[in-house]
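Participant: Please read through the structure below; I'll follow up with questions.
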Amino acid sequence: MPGFELFGDEERKEVNDVLETGVLFRYGFEGARNGHFKALEFEKKLADITGAAFSHLCSSGTAALSTALAACGIGAGDEVIVPPFTFVATFEAVIHAGAIPVFADIDETLCLNPDRLENFITPRTKAVVPVHMCGSMARIDEIKAFCDQKGLILLEDACQSLGATYQGRHLGTFGMAGCFSFDAVKTVTCGEGGGIITNTREVYDRCDQYADHGHDHLGGPDRGADDHPIIGTNFRISELNAAVGLAQLNKLDKIVETQRKHKAAIKDAMADIGDVTFRYLPDPFGDSATFLSFFLPTENRAREIAKSLAENGVPCPYWYDNNWHYFKKWHHLKELKRSAPLAFELAKDLPDYKNLVLEDTENIMKRTISMQIMLSWTQEDIDQRIKAIFKAFKI
Ligand SMILES: *Cc1c(COP(=O)(O)O)cnc(C)c1O
């Protein structure tokens, strides 16, 4: 997953371009910037790679989600269906839009289960936000078909899955908009940053405006002459961050190819381990291969193996116990702990987060282990890992 493993002269060159001009702002300063528009270039390249018509950068993946929600017209009192296995940012963005996150079950894709969505629909449901977790995909065609049939907005959180495709089409391009993160540990990193892709001109325009105080960017060189068609905020990315991201984005093909090779070697070696089954990949060829996720038959066995892997030098996330990625540990949400009252609390009949039980999801999460795939592994590292894994399983 981490692009930071590949920092080199390319990143330094892009950053130096910016430092030499002294223009850290993505807009304006045309005379001084010596032709460098790193954010703009990054956006063009992101749209190019993903095949989306438009792309807009933000200061983080979370900001990208907030911007996309606003641009898609999702706000106060709307219910938004999200998975209970994601990074907290997904539900945070929904809450900060004034909307109400509704958690629906996942399946063995580790993403929202399209067969269960119907159970979570109410007259307030406005959108579905599947999260393509750990480098691979949800059953996105079925989720899209469901949204189309019900007239719901589909917004993809592809923050962890840049470079992944489903049947040749990039994740993030199936709905009204798709979001990526370029934070410090993502596939492509720029320190802090995020991106939105969309095929809809109006959604792009709203993103472009919302993330920059509502600026329509039509006023010419004088920003003061821009009009403000909507109320926005500041989720802008800086040129320095964009410069790093631009160099990284040029490495995406190489990153994904390396991850796939490393993952295949380990997955093949683990294929004969009796009680292991692998995460279901709707399109295995489109997996960006940032993680190898697998299931054990029971929670006890999963705990035993996670412990044994760590003891043998192969520590692996056991998400069920992680405070940040699974609903079970989100006591701050369950108890509505916050620094000040939030708009979504004004809604009548908030879901009962405290007593919510999603049995299918529990049953999957408690048996899931994920192994992060690193870019820097040598063949020797991989061989050693495989040996350590066999030892952990006592084979
Ligand atoms: C990382 C991440 C985000 C948020 O991205 P930041 O850039 O860290 O704000 C949102 N959703 C998911 C699924 C993520 O993994």
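The values are calculated or read from the model by the stated rules, or taken from the named source; none is laboratory data. Given the structure is predicted, the values throughout are model-derived calculations rather than measurements. FYI the Cβ positions are ideal-geometry reconstructions off the backbone, even for glycines, and counts take in every protein chain you see. Only protein heavy atoms, including side chains, enter the accessible area calculation; ligands, DNA and RNA are left aside. Shrake-Rupley method; radii C 1.70, N 1.55, O 1.52, S 1.80 Å.
Participant: Quick one: residue 76 ticks every box in (1) in contact with a helix residue (DSSP H, G or I) (Cβ under 7 Å, 6 or more places away or on another chain); (2) within 16 Å of the ligand (Cβ to nearest atom); (3) in contact (Cβ under 8 Å) with a residue 60 or more places away in the chain bar one, so which box is it?
Facilitator: (2)
Participant: Just to be sure I understand the filter: pairs with C-beta atoms under 9 Å, separated by 6 or more residues or on different chains, first member in region 99-125 and in the same structural domain as residue 357 (by TED's automatic domain parsing), second member part of a strand (DSSP E or B) and polar (S, T, N, Q). Which pairs pass?
Facilitator: none
Participant: Still on this structure, please answer the following. Out of all the residues in region 175-208, which are more than 16 Å from the ligand (Cβ to nearest atom), closer than 20 Å to residue 127 by Cβ and not basic (Lys, Arg)?
Facilitator: Correct list: 176, 198, 199, 200, 202, 203, 204, 205.
Participant: Please identify the pairs in which a residue from region 35-51 that is part of a helix (DSSP H, G or I) has its Cβ atom under 7 Å from the Cβ atom of a residue that is hydroxyl-bearing (Ser, Thr, Tyr), counting only partners at least 6 apart or on another chain.
Facilitator: Pairs found: 43/55; 46/55; 47/55; 50/173.
Participant: Among the residues of region 312-331, what is the count of those that are more than 29 Å from residue 137 (Cβ to Cβ) and out of contact with any helix residue (DSSP H, G or I) (no Cβ under 7 Å at 6 or more places or on another chain)?
Facilitator: Residues that pass the stated criteria total 1.
Participant: Still on this model: Testing residue 137 on (1) open to solvent by 10 Å² or more (accessible area, probe 1.4 Å); (2) of a type outside the set (Ser, Thr, Tyr); (3) part of a loop (DSSP other than H, G, I, E, B), one condition comes back false. Which one is that?
Facilitator: With respect to (1) open to solvent by 10 Å² or more (accessible area, probe 1.4 Å); (2) of a type outside the set (Ser, Thr, Tyr); (3) part of a loop (DSSP other than H, G, I, E, B), residue 137 is out only on (1).
Participant: If I ask for residues that are among the polar types (S, T, N, Q) and within 23 Å of the chain's Cα centre (by Cα), which ones from region 330-380 would you list?
Facilitator: Listed by number, the residues that qualify are 361, 368, 370, 372, 376.
Participant: So, in region 105-133, how many residues would count as being more than 16 Å from the ligand (Cβ to nearest atom), outside any loop (DSSP other than H, G, I, E, B) and within 18 Å of residue 350 (Cα to Cα)?
Facilitator: Number satisfying all stated conditions: 4.
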